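Read-outs: derived from the displayed coordinates by stated rules, not from any lab. None of the values given here were measured: they were computed from a predicted structure. Positions of Cβ are backbone-derived with ideal geometry, glycine not excepted, and every protein chain shown enters the neighbour counts.
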Amino acid sequence: MAMGSHDYEEDPRNADVLISVNGTLMPRAEAVVSVFDSGFILGDGVWEGLRVYNGGVAFLTQHLARLYEGAKALDFDIGLEPDALRARIFECLDANGMEDGVHIRLMVTRGLKATPYQDPRVTVGAATVVIIPEHKSPSAQSANKGLRLFTVHVRRPGPDIQDPKLNSHSKLNCILACIQATKAGADEGLMLDPDGFVATCNSTHFFIVRNGAVWTSTGDYCLGGITRGNILRLCRDNGIEAHEHRFSLTDVYGADEAFVTGTFAGLIAVGEIDGRKIGNEGVALPGPATARLRTLYRALAKNETERP
């Protein structure tokens, strides 16, 4: 069972879903890739998480733009034009009869290796494209009780080490951050940038609310989050003061509210960070600013879906 911001309701239908592996639909138990695949050997690939509402995929153009930009940065060809990849996504959804309450993991790797070695020149064949759709709804209980975060020692690096703008399969620093947070009894790790300012969480983006204004990091040390960007857009469009700037843990501990964002669950309130309660005693979660933005975001996501 996933925990924290990715806690979900179990759904027995997922045992029978069909998964697309290079365009071939396979039962879940038979959907496999080679041990010589670049993703398995090296984590050499890019991915996206997608949300399905009423037969459409929310913000699909934004997600595909990030996917293709990541593949270009890693210098490999996905092998499909964006429209062909769109069609493959909806083919997979149609084959499973999926219309709503669905989460998709779209993964693309460099492809098969002739031998287990990092050099891209030993890659043989085309990229591997996998589409995993699941009936997957966020846990209402987890969303309402508020997350517990723990500030980890694992930092978000600069682009000269591993560019955080790449949504790559190589997530080891985030995994280590998650492990440390779990060992500390928290749901997720809050990660700092190289100078000690707040950057992001290990699998979500982090926001605080102070005196009615929404704060998030500069974005220099985190993925260009689709949900993050849409929250900032909603703030601009609805007269909510919002800032992208550097801030410290002292600012966080004194915040009125805190929340995280991600494609899977949207917005989730944060109730505790490093053992400190966020906000005032007796104030129910989510706080007023978080609750308003959550409502606005849900409407936006359902309104801005793309269909075949």
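Values for this structure:
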read-out	value
Fully extended contour minus Cα-Cα distance, from THR305 to ASN22, at 0.36 nm per residue	99.4 nm
Shape parameters for segment 4-137, alpha-carbon atoms, Rg then Dmax in Å	15.0, 44
Label point distance in nm, ASN211-ARG246, each placed 7 Å from Cα along Cα→Cβ	2.1 nm
Cα-based convex hull volume of the chain per residue, rounded to whole Å³	131 Å³
Contact order normalised by residue count of the chain, Cα under 8 Å, 6+ apart, percent	20 percent
Most positive-pole-ward Cα, PHE150, PHE36, ILE78, against dipole of the chain from beta carbon charges	PHE150
Residue among MET107, MET26, MET191 with the largest mean-square fluctuation in a Gaussian network model of the chain, springs linking Cα atoms under 10 Å	MET26
Cα-centred dipole magnitude for the chain, charges only on beta-carbon of K, R (+1) and D, E (-1), debye, nearest 20	280 debye
Lysines whose Cα lies under 21 Å from that of LYS145, excluding same-chain neighbours fewer than 8 positions away	LYS136, LYS183, LYS277
Positive-pole candidate from VAL57, ASN22, VAL102, dipole of segment 4-137, charges at beta carbon	ASN22
Hits among lysines - C-alpha to C-alpha of LYS165 under 22 Å, sequence gap 8 or more where chains match	LYS72
For the chain, built as a Gaussian network whose Cα springs stay under 10 Å, the top-fluctuating residue of ASN230, ASN167, ASN202	ASN230
Largest-first ellipsoid semi-axes for segment 211-308, taking √(5λ) over the Cα gyration tensor eigenvalues, angstrom	23, 16, 13
For the chain, built as a Gaussian network whose Cα springs stay under 10 Å, the top-fluctuating residue of ASN238, ASN144, ASN54	ASN238
Calculated on alpha-carbon atoms, Rg and Dmax of segment 141-306 in Å	14.9, 45
Packing rank of 255-261, 302-308, 62-68, where each peptide gets the mean count of other beta carbons within 10 Å, highest leading	255-261, 62-68, 302-308
Calculated [θ] (222 nm, deg cm²/dmol) that DSSP helices of n ≥ 4 give over the chain, each run adding -39,500 (n - 2.57)	-8500 deg cm²/dmol
